[in-house]
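Below: the structure, in structure tokens.
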Amino acid sequence: MPWLNDVSSLVHIWYGGHKTGSAITDVVFGAVNSSGINFPRHNEDNPAFSTSEVKEAVPNTVTVSISGTASMRNARRTLTLNVDGAEVIQAYVSQQSPSINRPSKELKGFENVLLRPQQTETATIRILTKYATSFWDEHRNAWVQEAGRYIVQVGISSAENPLSADFEIG
């Protein structure tokens, strides 16, 4: 697409069905917000929950609070929507020095957020620390929680989680 930089927007459609035309019209003309649910997360326009902070972990519970306003993100601009938008805020936890081979991050909690136009909302995800940090050990036949440093990453997908905070397990 050598012309891509010469146009103000691009619509990429797949998984067509008998309602594809109506759905495209509703999204393009702003009757509905697609909320990115059926769209890939890449550098084209896509709805987002603009995150602002991650709060600290408290005893026995990892608590993540973030706030934001529904917007359409694009490398060139941010647009205010005139329709409701939805996003799923996701919290991932990673152990810094595990004794076993663990995934680099594990999904441990999420919160669905529905925003009306220009509304700011705070999403809070609470996860019991034992569930945020434990893994099943087949040799011990038990759940294991190891001491050490853990990092919580928060965002809208496994690939896009720009906020982080850490906590220690003694």
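What follows is calculated from the coordinates using simple rules that are stated; it is not laboratory data. From a predicted model like this one, the values you see are computed outputs, not experimental measurements. Virtual Cβ from ideal backbone geometry, glycine too; neighbours counted across all protein chains shown.
Place the peptides 123-132, 5-14 in order of packing, highest mean first, counting for every residue the other Cβ atoms within 10 Å and averaging per peptide.
123-132, 5-14
Work through the residues other than LEU115 whose Cβ is under 9 Å from its Cβ and net out their charges, Lys, Arg +1 and Asp, Glu -1. If you can, show how the numbers build up before the last one.
On the way: positive: ARG116; negative: ASP84, GLU87, GLU121.
Computed value for this residue: -2.
Would you mind getting me the FRET efficiency between TRP143 and THR122? Use the beta-carbon distance for r and R0 = 22 Å, nearest 0.05.
Working: r = 31 Å, r/R0 = 1.43.
Plugging the Cβ-Cβ distance into 1/(1 + (r/R0)^6) gives 0.10.
Near GLN153, within a Cβ-to-Cβ distance under 11 Å, what is the net charge of the other residues, with Lys and Arg +1 and Asp and Glu -1? Mind showing how you got there, number by number?
On the way: positive: LYS105, LYS108; negative: GLU106, GLU160, ASP166.
In short, -1.
Please give the peptides 133-139, 16-22 ranked by average Cβ packing (other Cβ atoms within 10 Å per residue), highest first, as a rough proxy for protection. Provide the component values of the computation, followed by the final result.
Details: 133-139: 12.9, 16-22: 9.3.
Highest-to-lowest ranking by the protection proxy: 133-139, 16-22.
For a protection proxy built on the mean count of beta-carbon atoms within 10 angstrom, sort 105-114, 140-149 highest first, please.
On the way: 105-114: 16.1, 140-149: 11.5.
Final packing ranking: 105-114, 140-149.
Provide the net charge surrounding ASN60, with neighbours chosen by a C-beta distance below 12 Å and charges set as Lys +1, Arg +1, Asp -1, Glu -1.
Working: positive: ARG126, LYS130; negative: none.
Once all neighbours under 12 Å are counted, the net charge is +2.
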